[in-house]
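The values are calculated or read from the model by the stated rules, or taken from the named source; none is laboratory data. From a predicted model like this one, the values you see are computed outputs, not experimental measurements. Here Cβ is always computed from backbone atoms with ideal geometry, including for glycine, and neighbour counts include all displayed protein chains.
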Amino acid sequence: QQAARDVRKIVVENQLFWRINPLERPFWFMNFIVEGRGGLEHDHSTVLMTGRRDMRDRDKYIKWLSLVAHEFFHVWNVRRMRPVELSESEYQVEQYTSQLWLAEGLSSYYDNLLLSRAGLVTPKEYLELLARDIHRLETTPGRLVRPVTETSFDAWIGQYQLNANSINNTVSYYTKGAVIGFVLDTYIRKVSKNRHNLDEVMRKMYRRHASQPYDRDAFKNVVTEVAGDAAVEFLEPLLNTTAEPDVDSALEWYGLKLDRKNINAADSGKTVEKNGPPASGLGVVFEEGEPGMVIKAVLAGAGAASAGLLPADEVLAVGGERLIPGGLDDLMGSFRPGEETTVLISRRGKIIELNITLGNAIPERFEIVLKSGYKNSQVKRLQRWLGQEIK
C-alpha cells in the first residue's frame, strides 16, 4: 500500500513537471523477484523488476523509487520526445545515436530530483544520491578518454558489452548525462537569476518534438532560446570533449560543498581522517562475493597497472603481509601513497611477486554538505531547486 501511494506521488510529480499528460491511464507491470533491478519503458506502460525484500530496506527502496521515476519520465523523454535516429523502431538492426546523454542521462538527473520534489526522499537523501553520481563519474578513468556523445553512439558495443577494461575506456551516458544535467540546470538558474532553468528547456523540447523527432542541434537551439548563446558554449565541451563538469562551482551556488576527503577508500575500506595522512591504494577494483581478493578491473595510470596486475589476479599479500577479505583496510593503512612495496598474486595457478608503487586510495564515496557560513539566499535557491524546505 505504501509503495502504491509513493508511485502515485511520482506520477503526479511528473505531470506537474511536464504540465501535460499524454496518457489516459498508465499501466505498471511490476515483477518482484529474488534479486536484481531493472525496467523498460513502453508507450503506455512500464515494466519493472526488483528484489522482493527491497521494500524492507530504505536504501534499496529509494533505488526502486528512482527506477520507477526514471522509467515513468521516459513516457515523455524517449517514448514521445525522441532522437530522429530512434524515430522508427528497427528490431532487426542496431540503431545508433549520439543523443542518449539526453534521453537517458537527463532522465537520470530528474529521476532522483523528482523524488525530492515529491517529498519521497529528504534533502539529505537526495544529496547523497547526487554525490553517488558524481563519485561514480569522477572515479571512472574512461571519462578522460571519450566524450559522452561518443559513448552514446557506441552503446551497442560499450554500455551493453562491458568488460574488465570498460572502466578505463568509456563513460556511462547515464551517469555523465545526469551530472551534466545538474551543472547545466544550475548554470541556467545562475545566469538568469533563477528566472529560468533546465525544467523549462525540457518542457519546450517536449512541446516542439513530442511528435517531431529531434536532431542533434535541437536541444542546443532550445537552450539558446531559454538561456542564451553562452549556455550552449558552456554545454558544448561537456558533450563533445572530455571536459569535466564543474560540480564544485554548481554546488557552491546553493551553499553546498563536495567532501572528497573524509571518506573510505574503495580498495582499502579504511576511514580517512579529515586532517590525517592520505590513505594508499593499489589502484584496482575487486570482485564482490568472491572468497578471495580477486581483481575485477585495474585502473589506468594506477600503481597496479604499472606493476603489471591484471583482471582475474588474486591478491594474496601486500608488503609480505597476508591479505584476506575485509582485512585490506588495516593493511593499506600502514602504507602511504608513493611508497614502494611488493604484491603477491596468484595468476592461473602460478604464484608471482611484483613490485608496486602505491598511489592514493580510490574514494569509496563522496559527501555533499552545507558550507559553513552559507547565506540565506543560497538556502532559498537550494529549497527552490529541491522543492523542499531545508530544516
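Side notes on the structure shown:
- Search result, residues across segment 53-62 that are in contact (Cβ under 8 Å) with a residue 24 or more places away in the chain and surrounded by fewer than 17 Cβ atoms within 10 Å (Cβ to Cβ): 55
- Any hit, segment 159-175, residues being crowded, with 22+ Cβ neighbours inside 10 Å, under 16 Å from the mean Cα position of the chain (by Cα) and not hydroxyl-bearing (Ser, Thr, Tyr): yes
- Segment 172-209, residues that are under 13 Å from residue 108 (Cα atoms) and touching a Phe, Trp or Tyr at 6+ places or on another chain (Cβ under 9 Å): 173, 174, 176, 177, 178, 179, 180, 181, 182
- Spans of helices (runs of 4 or more DSSP H) in segment 185-252 with at least 2 residues β-branched (Val, Ile, Thr): 218-227
- Taking every residue in segment 337-350 that is assigned by TED's automatic domain parsing to the domain that holds residue 308 and pairing it with any residue that is β-branched (Val, Ile, Thr) and assigned to a strand (DSSP E or B), at least 6 positions away or on another chain, the pairs with Cβ-Cβ distances below 6 Å are 340/357; 343/318; 343/356; 345/315; 345/352.
- Filtered residue count, segment 280-339, keeping only those that are over 16 Å from residue 355 (Cβ atoms) and hydrophobic (A, V, I, L, M, F, W, C): 14
- Members of segment 191-207 that are of a type in the set (D, E, K, R) and buried (at least 16 other Cβ atoms within 10 Å of the Cβ): 199, 200, 203, 204
- Against the test of being among the hydrophobic types (A, V, I, L, M, F, W, C) and either outside the structural domain of residue 247 (by TED's automatic domain parsing) or within 22 Å of residue 223 (Cα to Cα) (or both), the options 198, 129, 137 yield a single qualifying residue, 198.
- Boolean, residue 142 is more than 17 Å from residue 202 (Cβ to Cβ), at pLDDT below 85, crowded, with 17+ Cβ neighbours inside 10 Å and not aliphatic (A, V, I, L, M): no
- Every condition in (1) surrounded by fewer than 22 Cβ atoms within 10 Å (Cβ to Cβ); (2) farther than 25 Å from residue 235 by Cα is met by residue 50 except one, and the failing one is (1).
- Residue 340 over 32 Å from the mean Cα position of the chain (by Cα) and under 22 Å from residue 291 (Cα atoms): no
- For segment 322-354, filtering for residues that are surrounded by 13 or more Cβ atoms within 10 Å (Cβ to Cβ), under 18 Å from residue 305 (Cβ atoms) and not hydrophobic (A, V, I, L, M, F, W, C) leaves 5.
- Set 289, 387, 319: member being exposed (fewer than 13 other Cβ atoms within 10 Å of the Cβ) and either modelled with pLDDT under 95 or of a type outside the set (A, V, I, L, M) (or both): 289
- Of the residues making up segment 87-127, those that are exposed (fewer than 14 other Cβ atoms within 10 Å of the Cβ), free of Cβ contacts under 8 Å to residues at least 40 places away in the same chain and among the polar types (S, T, N, Q) number 2.
- Against the numbered list (1) surrounded by fewer than 17 Cβ atoms within 10 Å (Cβ to Cβ); (2) at pLDDT below 95, residue 363 comes up short only at (1).
- Residue match in segment 269-283 (condition: surrounded by fewer than 21 Cβ atoms within 10 Å (Cβ to Cβ), modelled with pLDDT of 85 or more and in contact with an Asp or Glu (Cβ under 7 Å, 6 or more places away or on another chain)): no
- Which listed residue, of 177, 181, is at pLDDT 95 or above and either hydroxyl-bearing (Ser, Thr, Tyr) or touching a Ser or Thr at 6+ places or on another chain (Cβ under 7 Å) (or both): 177
- Lone unmet requirement of (1) within 23 Å of residue 203 (Cβ to Cβ); (2) surrounded by fewer than 15 Cβ atoms within 10 Å (Cβ to Cβ); (3) not basic (Lys, Arg) for residue 73: (2)
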